[in-house]
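Working notes, beginning with the structure itself.
The values are calculated or read from the model by the stated rules, or taken from the named source; none is laboratory data. If you're wondering where the values come from, they're calculated on a predicted model, not measured in any experiment. Quick reminder, even Gly has a Cβ in these numbers, built from the backbone with ideal geometry, and neighbours come from all protein chains shown. Heads up: the accessible areas ignore ligands, DNA and RNA and are worked out on the full protein's heavy atoms, side chains in. Shrake-Rupley method; radii C 1.70, N 1.55, O 1.52, S 1.80 Å.
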Amino acid sequence: MKRIPAEYVYRAGAVLGEGPAWDEERQSLWWVDIERCAVHQFLPAAAEDYAWLLPHRVSFVIPTERGDFVVGTQRGIGRFDMRFGAFTPVVDPESDWPCNRFNDAKCDAAGRLWAGTMEVSEMPDLGSLYCIDAAWNVTRHLERVSISNGLAWSLDGGTMYFIDSPTQCVDAFDFDAENGALSNRRTVLEITDAFPDGMCLDARGNLWVALWGGWGVLCLDPRTGRKIAKVEVPVRDVTSCCFGGKDFADLYITTASRDLDAAGRTEQPLAGGIFRAQPGVRGLATRQFAG
Ligand code: CA
């Protein structure tokens, strides 16, 4: 298995860095620090980072077609306007579950948002996976999810990849792009020595899977289950990744420091930082929300 180095690009010191999304228009990497309730914009060209504090834990920030952002929080999903730093709640399908929060999310080819939830202390089976269409209609597709993560779609759009981290499995569904229906769940790869977290697809149709507890990002072919490469990150808890930069040749990687003890923090001074690797394959643009 090929080994690929990662360089750190921003010493963010995040508690739980997550949810990277590339913003082609602003040439920026958007990301969140969930536990600090912060939305971040990192500009690689200037090596500058800006942060906005929201009133709730925030788990994803995705550009929309109208130019603002859709964000997921512990109080539902809403719009974020960077000009004013304002969060406007729109839908909260779990308003009667205050200890649940949104977690990872991605948009499908039709611009629908797919977003999952979890219980904040990681109690099992309390989360769900939702689809939010451009009119903000919410449909629940999966129940009894523990930590909803890692959404991606195959190049032909016919398969959706999904991770419920405690299962330690990367799963696939047949995906009906017309109506967003999921069927035929099966496991692509079981990861025995770490917890799969966020992931993205490259232009060859391979998955790049962040490994919580696994010191890196695993590249695998979901059609065969074969492990192809590993990006090595000098931080134990690697949370997510997305492609960006010129020609989408850069893989940006988020990490966490939350669960490190004093010795771990000394050994991993870059924990919570943003890293970048050049894996030699191009990725795909972050899909925008149509709503
Ligand atoms: Ca995650």
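Just name the residue that is nearest to A194 (Cα to Cα) out of those in region 146-156 that are more than 10 Å from the ligand (Cβ to nearest atom) and open to solvent by 20 Å² or more (accessible area, probe 1.4 Å).
L155
Can you name the residue in region 74-113 that is of a type in the set (K, R) and part of a strand (DSSP E or B) and, of all such residues, is nearest to G291 (Cα to Cα)?
Narrowing region 74-113 to residues of a type in the set (K, R): 75, 79, 83, 101, 106, 112.
Going one step further and asking which of them are part of a strand (DSSP E or B), we end up with 79, 101, 106.
Working: R79: 10, R101: 21, K106: 13 Å.
Residue satisfying both the conditions and the ranking: R79.
Say we look at region 197-215 and pick out the residues that are of a type in the set (A, V, I, L, M) and away from the ligand (no atom under 15 Å from the Cβ); which of these is farthest from the chain's Cα centre (by Cα)?
A203
Mind listing whichever residues of region 221-249 are within 24 Å of F60 (Cα to Cα), open to solvent by less than 20 Å² (accessible area, probe 1.4 Å) and either in contact (Cβ under 8 Å) with a residue 40 or more places away in the chain or small (G, A, S) (or both)?
If the condition is that a residue be within 24 Å of F60 (Cα to Cα), open to solvent by less than 20 Å² (accessible area, probe 1.4 Å) and either in contact (Cβ under 8 Å) with a residue 40 or more places away in the chain or small (G, A, S) (or both), then V231, V233, V235, V238, T239, S240, C241, C242, F243, G244, G245 are the ones that fit.
Regarding E143, is this residue within 13 Å of the ligand (Cβ to nearest atom), acidic (D, E) and open to solvent by 50 Å² or more (accessible area, probe 1.4 Å)? Break it down stepwise before answering.
Working: within 13 Å of the ligand (Cβ to nearest atom): no; acidic (D, E): yes; open to solvent by 50 Å² or more (accessible area, probe 1.4 Å): yes.
No, not satisfied.
Rundown of residues vs (1) away from the ligand (no atom under 14 Å from the Cβ); (2) modelled with pLDDT of 95 or more; (3) part of a loop (DSSP other than H, G, I, E, B), yes/no style:
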position	(1), (2), (3)
V231	yes, yes, no
T239	no, yes, no
F243	yes, yes, no
L251	yes, yes, no
T254	no, yes, no
P269	yes, yes, yes
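Please enumerate the residues belonging to region 212-227 that are assigned to a strand (DSSP E or B) and either among the β-branched types (V, I, T) or within 14 Å of I4 (Cα to Cα) (or both).
Initially, region 212-227 is screened for residues assigned to a strand (DSSP E or B), giving 212, 216-221, 226-227.
Answer for region 212-227, where residues must be assigned to a strand (DSSP E or B) and either among the β-branched types (V, I, T) or within 14 Å of I4 (Cα to Cα) (or both): G216, V217, L218, C219, L220, K227.
Can you work out which of the residues in region 259-268 that are open to solvent by 70 Å² or more (accessible area, probe 1.4 Å) and of a type outside the set (G, A, S) is nearest to the chain's Cα centre (by Cα)? Steps first, please.
Of region 259-268, the ones open to solvent by 70 Å² or more (accessible area, probe 1.4 Å) are 259, 261-262, 265-267.
Pick out the ones that are also of a type outside the set (G, A, S) and you get 259, 261, 265-267.
Details: D259: 19, D261: 25, R265: 24, T266: 27, E267: 26 Å.
So, considering only residues that are open to solvent by 70 Å² or more (accessible area, probe 1.4 Å) and of a type outside the set (G, A, S), the one nearest to the chain's Cα centre (by Cα) is D259.
When you check P166 against the structure, is it part of a strand (DSSP E or B), within 16 Å of the ligand (Cβ to nearest atom) and either open to solvent by 60 Å² or more (accessible area, probe 1.4 Å) or out of contact with any Asp or Glu (no Cβ under 8 Å at 6 or more places or on another chain) (or both), yes or no? Walk me through how you get there before you give the answer.
Working: part of a strand (DSSP E or B): no; within 16 Å of the ligand (Cβ to nearest atom): yes; either open to solvent by 60 Å² or more (accessible area, probe 1.4 Å) or out of contact with any Asp or Glu (no Cβ under 8 Å at 6 or more places or on another chain) (or both): yes.
Here the answer is no, as P166 does not meet what is asked.
Please determine, by comparing only the residues of region 81-134 that are within 14 Å of the ligand (Cβ to nearest atom) and closer than 21 Å to D176 by Cβ, which one is most open to solvent (accessible area, probe 1.4 Å).
K106
Could you check, for region 118-128, whether at least one of its residues is assigned to a strand (DSSP E or B), modelled with pLDDT of 95 or more, touching a Lys or Arg at 6+ places or on another chain (Cβ under 6 Å) and of a type outside the set (F, W, Y)?
Looking for residues that are assigned to a strand (DSSP E or B), modelled with pLDDT of 95 or more, touching a Lys or Arg at 6+ places or on another chain (Cβ under 6 Å) and of a type outside the set (F, W, Y), one finds at least one in region 118-128, hence yes.
Go through region 172-196 and give me each residue that's open to solvent by less than 10 Å² (accessible area, probe 1.4 Å) and within 16 Å of the ligand (Cβ to nearest atom).
Once the filter is applied, which keeps residues that are open to solvent by less than 10 Å² (accessible area, probe 1.4 Å) and within 16 Å of the ligand (Cβ to nearest atom), region 172-196 yields I191, A194, P196.
Look at region 2-29 and say how many of its residues are closer than 15 Å to T73 by Cβ and surrounded by 23 or more Cβ atoms within 10 Å (Cβ to Cβ).
The total comes to 2.
Can you tell me which residues in region 256-267 are among the polar types (S, T, N, Q), without any contact (Cβ under 8 Å) to a residue 60 or more places away in the chain and part of a loop (DSSP other than H, G, I, E, B)?
Taking region 256-267 and keeping what is among the polar types (S, T, N, Q), we get 257, 266.
Retained after the next criterion (residues that are without any contact (Cβ under 8 Å) to a residue 60 or more places away in the chain): 266.
The answer is none; no residue qualifies.
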